[in-house]
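What follows is a single structure, written as structure tokens, with notes after it.
Laboratory data are not the source of any read-out in this text; all were calculated from the coordinates shown. Since we're looking at a predicted model, the values are computed, not measured. Ideal geometry is used to build each Cβ from the backbone, glycine not excepted, and the neighbour counts take in all protein chains shown.
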Ligand SMILES: Cc1cc2nc3c(=O)[nH]c(=O)nc-3n(C[C@H](O)[C@H](O)[C@H](O)COP(=O)(O)OP(=O)(O)OC[C@H]3O[C@@H](n4cnc5c(N)ncnc54)[C@H](O)[C@@H]3O)c2cc1C
């Protein structure tokens, strides 16, 4: 018997899983996306006026240490190597991000070598903070007041809409400080951008005789009964019609503008001062330096609280969200024939490589188990 599988969401999470299941020949898959395109938040499209490839929901750079994930995406399209080098505009000037030896030497007007810089940053940290309880305390303890106020404080307030004292320390644990001149934003071994865009890759992944793609169509939770099993890449709270309230998210909106030639000389510039209303400007021609374009298309990116009709971008995961998440997870556990996957289904911030890796791993688990034993989540939503 061939099982009929329903998937809500045609981003990377849903598409990779659909393909892996289809390849076994045991399933017929119908995948829905309520948007009028596949690709989810990684959707790419050429700008009509300039011809430049734009990432419609914010700039996406592929990066991973997982060789199998890198090989997987490369079989669907050609990637050009791309190392993201971000600049930060601050009240004290323009600096490299992540914070590296150049940033430290410029900010403090020093000529430190790596060990000296490490010792110096250790000495400016606030040693009276023993066990940092929030993001501000973490930053003051490990980086000191100058770095915190120049790079972190204003940007964090704009991005999350609350004082850094209200945010968990864990949010900063991903912040890299390098004591060398490496200015690549990501540490990962494999980094690149697909030449024909992410949407083209996802279209190819979904191009299989056992996969039916329905774009512009929402899969309603009650339609779960139409399928032998459903994979839900939509918001976890949305599946239950927000019965217990809404999990917190921040959303983004983008302001497009066109310039001649080169507007800012770099793919991304972050604006760290709180009184600059936007977070960053992305200039898309710099993500594809192998192409030539006379004009340039840029986007200012603004963050704000996510309302009912907004696209949920970044899960806030504040204490009250985690309490609510626990209650929704209990509800998920009591549902049958469904697995919650991807960034929205598990209420976590996940990069593309993580989502793809989880879907590849989940497909293997599904092969080893009977359909009624398939897990409720692609990974533990509590572990972000
Ligand atoms: C601003 C920003 C920048 C980012 N930059 C990077 C980066 O540089 N590198 C990187 O690796 N990652 C980046 N990411 C993360 C990346 O976007 C995610 O990893 C990826 O989108 C997750 O894929 P997904 O399939 O889980 O979710 P999504 O891409 O969000 O796809 C979910 C899809 O489900 C659809 N859907 C929801 N509910 C339903 C329903 N009931 N019926 C039908 N359809 C439904 C939605 O319309 C959506 O299209 C970035 C994210 C953001 C917000």
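Does the stretch 323-339 include one or more residues that are out of contact with any helix residue (DSSP H, G or I) (no Cβ under 6 Å at 6 or more places or on another chain), crowded, with 18+ Cβ neighbours inside 10 Å and over 30 Å from residue 22 (Cβ atoms)?
Yes, the stretch 323-339 contains a residue that is out of contact with any helix residue (DSSP H, G or I) (no Cβ under 6 Å at 6 or more places or on another chain), crowded, with 18+ Cβ neighbours inside 10 Å and over 30 Å from residue 22 (Cβ atoms).
If we keep just the residues of the stretch 195-207 that are part of a helix (DSSP H, G or I) and away from the ligand (no atom under 14 Å from the Cβ), which is surrounded by the most Cβ atoms within 10 Å (Cβ to Cβ)? It would help to see each step written out before you state the result.
Of the residues in the stretch 195-207, the ones part of a helix (DSSP H, G or I) are 198-206.
Within this subset, residues satisfying the condition of being away from the ligand (no atom under 14 Å from the Cβ) are 200, 204.
Details: 200: 17, 204: 15.
Taking the candidates together, the pick is 200.
Pairs needed: first member in the stretch 1-21, within 10 Å of residue 229 (Cβ to Cβ); second member anywhere, assigned to a loop (DSSP other than H, G, I, E, B) and near the ligand (Cβ under 8 Å from one of its atoms); C-beta distance under 9 Å; at least 6 residues apart or different chains.
So the pair list comes out as 6/219; 7/219; 7/233; 7/341.
Among the residues of the stretch 232-246, is there at least one that is within 13 Å of the ligand (Cβ to nearest atom), closer than 30 Å to residue 295 by Cβ and in a helix (DSSP H, G or I)?
no
Rundown of residues vs (1) within 15 Å of the ligand (Cβ to nearest atom); (2) surrounded by 13 or more Cβ atoms within 10 Å (Cβ to Cβ); (3) without any contact (Cβ under 8 Å) to a residue 12 or more places away in the chain; (4) within 30 Å of residue 14 (Cβ to Cβ), yes/no style:
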position	(1), (2), (3), (4)
251	yes, yes, no, yes
261	no, no, no, no
264	no, yes, no, no
267	yes, yes, no, yes
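Looking only at residues that are within 22 Å of residue 314 (Cα to Cα) and out of contact with any helix residue (DSSP H, G or I) (no Cβ under 7 Å at 6 or more places or on another chain) in the stretch 56-84, which one is farthest from the ligand (Cβ to nearest atom)?
To start, the set of residues in the stretch 56-84 that are within 22 Å of residue 314 (Cα to Cα) comprises 56-64, 84.
Add one more test, that the residue is out of contact with any helix residue (DSSP H, G or I) (no Cβ under 7 Å at 6 or more places or on another chain), and what stays is 56, 58, 61, 84.
Working: 56: 10, 58: 3, 61: 4, 84: 7 Å.
Step by step, filter the stretch 56-84, then rank; the result is 56.
Tally the residues that are more than 18 Å from residue 334 (Cβ to Cβ) and surrounded by fewer than 17 Cβ atoms within 10 Å (Cβ to Cβ), restricting the search to the stretch 372-383.
Restricting attention to the stretch 372-383, the residues satisfying the condition of being more than 18 Å from residue 334 (Cβ to Cβ) are 378-379, 383.
From what's left, surrounded by fewer than 17 Cβ atoms within 10 Å (Cβ to Cβ): 383.
So the answer is 1.
Filter the stretch 208-229 for residues that are in a strand (DSSP E or B) and more than 10 Å from the ligand (Cβ to nearest atom) and give the result. Steps first, please.
Keep residues of the stretch 208-229 that are in a strand (DSSP E or B), which gives 211-215, 229.
Scanning the stretch 208-229 gives 211, 212, 213, 229.
Conditions first: (1) buried (at least 18 other Cβ atoms within 10 Å of the Cβ); (2) under 23 Å from residue 170 (Cα atoms). Residue 47 passes all but one, so which condition is the exception?
Here residue 47 meets the rest and fails (2).
Give just the number: which of (1) over 22 Å from residue 286 (Cα atoms); (2) more than 26 Å from the chain's Cα centre (by Cα) does residue 32 not satisfy?
It is condition (2) that residue 32 fails.
Of all helices (runs of 4 or more DSSP H) completely enclosed by the stretch 285-384, which ones contain at least 3 residues that are within 14 Å of the ligand (Cβ to nearest atom)?
Numbers: elements: 319-333, 342-345, 352-368.
Result: 342-345, 352-368.
For the stretch 162-173, which residues satisfy the criterion of being closer than 20 Å to residue 90 by Cβ and exposed (fewer than 14 other Cβ atoms within 10 Å of the Cβ)?
The one that is closer than 20 Å to residue 90 by Cβ and exposed (fewer than 14 other Cβ atoms within 10 Å of the Cβ): 163.
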